[in-house]
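In what follows, a single structure is set out as structure tokens and then discussed.
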Amino acid sequence: MKKNSFKQGAMVATLAIVFTKVIGLLYVIPFYNIIGEKGGALYGYAYTIYSTFLSISTVGIPLAISKLVSEYNALGYYHARERVYKQGKRAITAFAFIVFVLLFIFAKPIAKLILGDIEGGNTIEDITYVIRVIATALLVIPSLSISRGYLQGNKYITSPSISQVVEQLFRVIVVVVGSYVMLKLTNSVTHAVAVACFGATIGGLVAYLYLRLKIKKNKDDFIPTSIEKEEEKNIRTRDIWIKIFKYAFPFVMIDVVGNACMIINMFTVVKILVNNCNYSVMDAETVMSSLTTWGSKLCMIVSAIATGLVVSLLPNITDSYVRNDKKTVTKYINNSFEMLLYLAIPMTLGLSFLAKPVWEIFYGNHGLAADVFTIFVFNGLTSSLYTVTLTIMQSIDKYKVVFISLFIEVLTKLVLQYPLMILAYKLNIGAYIGNITATITATMSTVIISLLYMKIKMKISLKDSFISTIKITLASIVMYACLMLLNEFIPSTVDGRFKAIIIVIIYAVVGGFIYFLLTYKTLFKRIFGTEAIDKIKRKFKKSNS
């Protein structure tokens, strides 16, 4: 294994995650045809609850391990670094088991909270069943996450990234093949969804075994060669755990708040649509499945950029911050925002423009669901910005600001959810637009608070990011205008999957070419550098010589 620099790590992690998300998108086509809208809603219920409990048991500790490992590496405390990993593994295994037991026991009360007294769709027994099945993943994923955090903290980005691809591949195989076979054998969508949920456990187990093998084969790279420093000897196990929980708690809160918005949706959207907006139960669950399952999967490509950046961003900013290198911290922060927005803004606009043909490719022609996705895709952009911003704030130990902004986010979502949905319904623009607007507003409140704190309190210059954002937005608008012009000659809305694929390819190539042409000299070369392109040019010249 080789260590990665910030940009290398960001690119490797992003490419792996994008590839993982592409797999996640492609399997949706057969999976949707197998389980349908009702099954999709059931799958979304299970995954939303599972994600929340997973956040409680894993999300904070692995990232805290990554941060603490980076910190100790910067200080030269290599023996303490290894103690962090060992303690983390022991604790998370025990804690995850407790969370698994709690979720298994309370699955039925949770199902009752989700449905209330609504009938005509999935039942309380269905939801209880799939929640208990997916809970088994909690016995595996936490240990996998710890191993990833340890390697990322040591700036080994490639192996954890490959493990994500491995996890996704095996999960998808179980989801598609398992659900299809189960449906044929039992003729039960509920059983098919349950098998699909179990795919998370299988994928996690295979990925964990892969990482353990990599660590074992390269164990010499992790054995400290220097003599343990006196300062390290004074670091007690209790001190390590205090730091782990100090670093983990904000990460847990961030993910819990992110899931809180989905939980608020899960407990309110269907009820508001049915009871207050005259939606049928079927249409309400179509909206719900678009928000929690099908639309979210199509937003994965956008959110993957942020996930890839975070993997490399956390250890590098932590390292520079511990060394009190403010100049490098500022550079990493601006680079992160520029890399994210350069890719995410045009992709979001493009997906919104092509919402109907993209939906046609993956799910078939479903008017209401595609309409939801046209607006919902912007949540992918704001969520990505949110993820990167809060990772930066935690890397520089500004936890108080994080907690305040998270509290404001949840409060904003709770306050705006109902009135905005009713307002949108009365304006006859679709009640779901009110829901999406409430989510985006809540998310951006956290981003704005964090950015203001960086600029005003910490005196971190965000000038480069601001100027780049303006240029990126203008170029994206020009690209969007060109796509609208192209639509006059080649209509983007078509019937049939094959025609939709052709349309999406044409528009993606044209839009991507125009955007790249507009930004290559002014943005791309500065943000990403020209090393990769120069390497391709050299190989091309060599092959022609």
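With θ set to phi - 60°, apply the Karplus curve 6.51 cos²θ - 1.76 cosθ + 1.60 along the stretch 155-161 and write out the HN-Hα couplings as whole Hz, x wherever there is a Gly or Pro.
Each residue's phi maps through the Karplus curve to give 6, 9, 9, 5, 4, x, 5 Hz.
In what order do TRP359, TRP241, TRP294 fall by count of nearby beta-carbon atoms within 10 Å, going from fewest to most?
TRP241, TRP359, TRP294
Efficiency by 1/(1 + (r/R0)^6): what FRET value for ILE456 and THR93, r their Cβ-Cβ distance, R0 = 45 Å, to the nearest 0.05?
The computed FRET efficiency comes out at 0.60.
Sorted by mean Cβ packing within 10 Å, highest first, what order do the peptides 426-432, 159-165, 183-189, 42-48 take?
42-48, 159-165, 426-432, 183-189
Take GLU82, GLU230 and order them by how many other Cβ atoms sit within 10 Å, fewest up front.
Lowest count first: GLU230, GLU82.
Based on the Kirkwood radius over alpha-carbon pairs, what value in µm²/s does the Stokes-Einstein equation return for the translational diffusion coefficient of the stretch 25-153 at 10 °C and 1.306 mPa s?
96 µm²/s
From the cross-link list LYS155/LYS243; LYS89/LYS214; LYS89/LYS327; LYS243/LYS327; LYS38/LYS271, which pairs have alpha carbons spaced over 23 Å apart?
Beyond 23 Å: LYS89/LYS327; LYS243/LYS327.
Run the numbers on the chain and let me know its relative contact order in percent, using alpha-carbon pairs under 8 Å that are six or more apart.
Once normalised by length, the contact order is 19 percent.
For the chain, what does -39500 (n - 2.57) per DSSP helix run (n ≥ 4), summed and divided by total residues, give at 222 nm, in deg cm²/dmol to the nearest 500?
Computed mean residue ellipticity for the chain: -27500 deg cm²/dmol.
Could you state the orientation-averaged shadow area of the convex hull built on the Cα atoms of the stretch 328-401, in nm² to one decimal?
Details: hull surface 24.2 nm².
If you wrap the Cα atoms of the stretch 328-401 in a convex hull and average its projections, you get 6.0 nm².
Taking a spot 7 Å from the Cα of ILE448 along the direction of its beta carbon, which residues of the stretch 236-270 have an amide N less than 17 Å from it?
none
Explain nothing, just compute: Karplus ³J(HN,Hα) = 6.51 cos²θ - 1.76 cosθ + 1.60, θ = phi - 60°, for every residue of the stretch 504-515 in order, whole Hz, x for Gly and Pro.
Each residue of the stretch 504-515 in turn: 4, 4, 4, 5, 5, 5, 5, x, x, 5, 4, 5 Hz.
In whole Hz and in residue order, list the ³J(HN,Hα) couplings for the stretch 174-190 that follow from phi through the Karplus curve 6.51 cos²θ - 1.76 cosθ + 1.60, θ = phi - 60°; x for Gly and Pro.
For the stretch 174-190, the Karplus-derived couplings read 5, 4, 6, 5, x, 5, 5, 4, 5, 5, 5, 6, 10, 6, 10, 5, 4 Hz, x marking Gly and Pro.
Highest first, please rank the peptides 436-444, 89-97 by the mean number of other Cβ atoms sitting within 10 Å of their residues.
Taking the mean over residues of other Cβ atoms within 10 Å, the ranking is 436-444, 89-97.
Can you give me the Kirkwood hydrodynamic radius for the stretch 135-263, using every pair of distinct Cα atoms, in Å to one decimal?
On the way: mean 1/r = 0.0570 Å⁻¹.
One over the average 1/r among Cα pairs gives 17.6 Å for the stretch 135-263.
Figure the gain on full extension for VAL181 and LEU25 (residue separation times 0.36 nm, minus the Cα-Cα span) and round it to one decimal in nm. Intermediate values should be presented prior to the final figure.
Values: separation 156, 0.36 × 156 = 56.16 nm, distance 2.05 nm.
Residue separation times 0.36 nm, minus the Cα-Cα distance, leaves 54.1 nm.
Just to be sure I understand the curve: with the Debye formula and one point per C-alpha of the stretch 1-223, what is log10 I(q)/I(0) at q = 0.09, 0.16 Å⁻¹?
Relative scattering, expressed as log10 I(q)/I(0), comes to -0.41, -1.08.
Any lysines with Cα under 17 Å of the LYS21 Cα? List them, leaving off those in the same chain fewer than 8 positions away.
LYS297
If the cut-off is 19 Å between C-alpha atoms, which aspartates and glutamates fall inside it for LYS521, apart from same-chain ones fewer than 8 positions away?
Qualifying aspartates and glutamates at Cα under 19 Å: GLU338, ASP464, GLU531, ASP534.
Just to check, using Stokes-Einstein with a Kirkwood Rh over alpha carbon pairs, what's the diffusion coefficient of the chain at 25 °C and 0.890 mPa s in µm²/s?
In µm²/s, the coefficient is 101.
Any read-out appearing in this document is the output of simple, stated calculations on the displayed coordinates, not a laboratory observation. Computed from a predicted structure; not experimentally measured. As a convention, Cβ positions derive from the backbone with ideal geometry for all residues, glycine included, and neighbour counts pool all protein chains shown.
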